[in-house]
1. Keeping to segment 251-305, report how many residues are polar (S, T, N, Q) and part of a helix (DSSP H, G or I).
2. Is it true that some residue in segment 242-257 is open to solvent by less than 10 Å² (accessible area, probe 1.4 Å), of a type in the set (S, T, N, Q) and within 12 Å of the ligand (Cβ to nearest atom)?
3. Any idea which residue in segment 289-304 is surrounded by the most Cβ atoms within 10 Å (Cβ to Cβ), counting only those that are of a type in the set (Val, Ile, Thr) and in contact with a Gly (Cβ under 9 Å, 6 or more places away or on another chain)?
4. Any idea which of Asp33, Asp41 is more than 25 Å from Thr225 (Cα to Cα), open to solvent by less than 70 Å² (accessible area, probe 1.4 Å) and touching a Phe, Trp or Tyr at 6+ places or on another chain (Cβ under 8 Å)?
5. Within segment 267-279, is there a residue that is within 16 Å of the ligand (Cβ to nearest atom), modelled with pLDDT of 95 or more and on the phi < 0 side of the Ramachandran plot?
6. Which of (1) within 16 Å of the ligand (Cβ to nearest atom); (2) surrounded by fewer than 20 Cβ atoms within 10 Å (Cβ to Cβ) does Ser171 not meet, given it meets every other one?
7. Which ones in segment 48-72 are out of contact with any Ser or Thr (no Cβ under 8 Å at 6 or more places or on another chain) and either among the hydroxyl-bearing types (Ser, Thr, Tyr) or under 20 Å from Asn101 (Cα atoms) (or both)?
8. Filter segment 129-157 down to the residues that are within 9 Å of the ligand (Cβ to nearest atom) and assigned to a loop (DSSP other than H, G, I, E, B) and list them by number.
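The values are calculated or read from the model by the stated rules, or taken from the named source; none is laboratory data. These numbers come from a predicted model, not from an experiment. All Cβ positions, glycine included, derive from the backbone under ideal geometry; neighbour counts span all protein chains shown. Remember, those area values only see protein heavy atoms, side chains included, never the ligands or the DNA or RNA. Shrake-Rupley method; radii C 1.70, N 1.55, O 1.52, S 1.80 Å.
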Amino acid sequence: MPNPQVVSESSVMPTYSRFPVEMAKAKGSYIWDSEGLRYLDFTSGIAVCNLGHVPEQVKEKVEEQLNTLWHCSNLYHIPAQEQLAAKLTALSCHDKVFFCNSGAEANEAAIKLARRYSKKVKQSEAFEIVTFKHSFHGRTMATLSATGQEKIQDGFVPLLEGFSYLPYNDSEALEQLSGQKTCAVLLELVQGEGGVIPADLEWVQALEKKCQAEGILLMVDEIQTGIGRTGTLFAYEQYGILPDVMTLAKGLGSGFPIGAMLAKAEAAKAFEPGSHGSTFGGNPLAATAGLATLDVFESDEILETAQKNGKYLLTALQDLQAQFPDQIKEVRGKGLLLGLVTTTEAIKIVNKARDLQVLVLVAGPNVVRILPPLTTTEAEIDACLAVLKDVFQQL
Ligand SMILES: *Cc1c(COP(=O)(O)O)cnc(C)c1O
């Protein structure tokens, strides 16, 4: 534990209410604090360390890159960036990639692409972007305007013009979509921050149909669901859709900051030299981390492991629910993005679990979010469940 005095005198802006733990090092599914206490990390740094902490293959590639070239501007070709874009487009239904440094920036790029595609390519007046209630798309002005949660927007009005929010998983609401005013729909296939709410398959397919009929771009925010989190490399693969645009960040660099906005060839026509940019976007180190991360997905059986672990964790959580039916109302999610809907405040459960050296997250006031590394083991899942059982017994 850090010296409390040091914490209260911190020069860091208090935008997070931090837990009284100071992290020092990590490996695989474990993270150690500065006092040497070991925690089982079932947060994965919020869906970032999908391959576990400090994955060897990524570390080696980044180390090599550290010895040659850290940064060069996007005014020159960057081989690792070219390779990462080629790999991402080979693995997805997309043709072009724009690189940036975070999730918010990836969504910002998608929002800009949608507006410019409408205006410049289609010569249309439509500029509205439809998102969904309880969504989360980031913290920049455009992405918080896109976010369907008032608490994220609190104090930042006026919001950016041209966003509206429909109820999630609501088929009737889709009738309101019109290509006359809407240029794009942006959605999460599992709402992460909003409470671990998976989209219904039929609803998503109906949404894609409606978008196609109205000439509206379908854009999926896979910043949390992507890179194997839900059991497939991208969650959209499980929905039988081919979105026009997809955004990635969190898991893409295994902890190295990187974001990406992918678009099919048609939508990608919106961006030409000068339309958009980023100093650091796809820089040699970040692109190398992304490339090495995807290499692991191609060479190891990560997705099979993730699927197996996902089923095992889901069953274990359902057993827990059966033991504590008054405290756990629902278990939901996809792959290794799972949530427990609880009757007590989720933060109490998160705090008690941390005291027992297991890290989990909240997703809204009464949802405990569990995001193990995809590489976790049944033994680690058992250890997490033993602690959760203790916690629910104490409540
Ligand atoms: C985390 C997240 C973002 C924002 O990513 P940052 O890297 O924090 O800007 C956007 N959308 C979703 C779905 C996320 O989970």
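1. Our first condition is that a residue be polar (S, T, N, Q); within segment 251-305, this holds for 254, 275, 278-279, 283, 288, 293, 299, 305.
Okay, now just the ones that are also part of a helix (DSSP H, G or I), so 288, 293, 299, 305.
Residues meeting the conditions: 4.
2. At the first step, the residues of segment 242-257 found to be open to solvent by less than 10 Å² (accessible area, probe 1.4 Å) are 243, 245-249, 251-253.
Those left that are additionally of a type in the set (S, T, N, Q): 247.
Filter once more, keeping what is within 12 Å of the ligand (Cβ to nearest atom): 247.
Yes - at least one qualifying residue is present in segment 242-257.
3. Taking segment 289-304 first, the residues of a type in the set (Val, Ile, Thr) are 293, 296, 302.
Checking which are in contact with a Gly (Cβ under 9 Å, 6 or more places away or on another chain) leaves us with 293, 302.
On the way: Thr293: 27, Ile302: 20.
The selected residue is Thr293.
4. Values: Asp41 fails: more than 25 Å from Thr225 (Cα to Cα).
It is Asp33.
5. Keep residues of segment 267-279 that are within 16 Å of the ligand (Cβ to nearest atom), which gives 278.
Next cut, modelled with pLDDT of 95 or more only: 278.
Remaining after also requiring on the phi < 0 side of the Ramachandran plot: 278.
Yes, that holds for at least one residue.
6. (1)
7. Result: Val54, Lys59, Glu63, Leu66, Thr68, Leu69, Trp70, His71, Cys72.
8. Of everything in segment 129-157, those that are within 9 Å of the ligand (Cβ to nearest atom) and assigned to a loop (DSSP other than H, G, I, E, B) turn out to be Ser135, Phe136, His137, Gly138, Arg139, Thr140, Thr147.
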